[in-house]
Each structure stands twice: as C-alpha cells, then as structure tokens.
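Worksheet: one structure, shown below.
Just so it is clear, none of the values below were taken in a lab; they were calculated from the coordinates. Note that the structure is a prediction, hence the values are computed from the model and not measured. Using ideal geometry, Cβ is built from the backbone for each residue, glycine included, and neighbour counts are taken over all protein chains shown.
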Amino acid sequence: MRCPFCQTQQDDKVIDSRESKDGGEIRRRRECAGCTRRFTTYERVADVLPQVIKKDGRREPWQREKIISGLRRACEKRPVSIQDIERLADEVERDLQDSAEREIPAARIGEAVMSRLRKVDEVAYVRFASVYRSFRDISEFMGALSELLRGREAGR
C-alpha cells in the first residue's frame, strides 16, 4: 500500500483492525515502514451495483461519493453529523444491492435519499429537494414546502 504521507510503497504494519458495527467494512490503522507515520484504511467488499440511468438516458456506474457530496451540501450548517450522512448513503446503497436490478433510474435513487433525509432534517430535505427536483419557480418550491408541512401536521 502507498503511504499517503511519504508516497513510498514499502510494506506497512497493521496496528489495529476493527469491523464496523454492521460488519460491512473493516477499519485498519497502519504504520508506514518508511516514515513511521500512521494512517487509516477502510476495506469493504466490492459489490456489484446497478448502472444509474440519468434523466437524459445516459448510463453511468453507481457512485456513492455523489450521494454523500449532495447530502453534505444539503446538510451544511445543519445539526447533521457525517455519521448520519454516511448511514443514509449506506442505507440507499444497501437497497440498491438488495434490489438486484442491473439498471436503476436516478430519479428513484433521489427519491430514496429524500425520503430518508426528510426524517433526519427537514431543512436539509428542502435544500436537497430544491436542487434535485430543479424547481423552475417559487410556486413549485412553495408546493414542496406545503407538502412537507401537511405531512408534518398529519404526523402529530
């Protein structure tokens, strides 16, 4: 493994290994044999995930980082931890794996993210929805807010 600090590809020493709570990945603390600095790696099984069908019909491979990036932007300056964001991305990814579909529309992924985000933080949900749904004007945005408020009052 290449050291992220000194860039050497010498053997490193594994200091500690721990399995995640859900057993989906292994966290390893390593020490570089060259510079003796420590770093962390994460190992997860390479799953076969479906191709994502974009709005324009293009197909591209599933990229978990895109979901996390969008969630981070939506949750900026909100009381949502990175652990919550990663858990949400994990749940969506697990649903994709369980579906066993080879291709899945991006719209379905976006809806899955929004339904989970709504339960975590309503402001972040509105932010994510405004970008994801590409509201053309204020009336579309207000419609989404009204829907959120109706759902909130129904839950009381």
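Quick one: among Gly23, Gly70, Gly57, which has the greatest mean-square fluctuation in a GNM of the chain with alpha-carbon springs under 10 angstrom? Residue with maximal mean-square fluctuation among Gly23, Gly70, Gly57: Gly23. For region 72-121 and region 2-23, what is the separation of their Cα centres, given in Å? Rounded to whole Å, the Cα centres lie 28 Å apart.
Between Glu31 and Thr8, the simple label model (points 7 Å from Cα in the Cβ direction) yields a spacing of 1.4 nm.
For Lys119, the lysines whose Cα falls under 28 Å of its own Cα, not counting residues fewer than eight places away in the same chain, are Lys21, Lys54, Lys55, Lys66, Lys77. Given a Förster radius of 22 Å and the C-beta distance between Lys54 and Glu140 as r, what FRET efficiency does 1/(1 + (r/R0)^6) yield to the nearest 0.05? Computed FRET efficiency for Lys54 and Glu140: 0.55. Against the main long axis of the alpha-carbon atoms of the chain, helix 122-132 sits at an angle near 90°. Once you sort the root eigenvalues of the Cα gyration tensor of the chain as a ≥ b ≥ c, which label holds: rounded (a/c under 1.5), prolate (a/b larger than b/c) or oblate (the other case)? Cα axes put the chain in the prolate bin.
Positive-end ranking of Tyr125, Tyr42, Gln97 along the dipole of region 36-136, with charges on Cβ about the Cα centre, is headed by Tyr125.
The residues packed around Glu86, meaning those with a beta-carbon under 13 Å from its beta-carbon, carry a net charge of +1 if Lys and Arg are +1 and Asp and Glu are -1. For the chain, the dipole from Cβ point charges (+1 on Lys and Arg, -1 on Asp and Glu) about the Cα centre works out to 420 debye, to the nearest 20.
Remark on the chain: Cys75 stand apart, with no other cysteine beta carbon under 4.7 Å. Pairs of Cα atoms nearer than 8 Å and 6+ residues apart set the relative contact order; for the chain it is 15 percent. In a shell of Cβ-Cβ distance under 13 Å around Asp16, excluding Asp16 itself, what net charge do Lys and Arg (+1) and Asp and Glu (-1) give? Net local charge, Asp16 excluded: +4.
Each principal axis of the Cα cloud of region 105-156 was evaluated for its coordinate range; sorted largest first, these ranges are 33, 24, 16 Å. Amide H contacts for Glu25 (H built 1.01 Å from N in the peptide plane; partners 5 or more residues away or on another chain; cut-off under 5 Å): Ser20.
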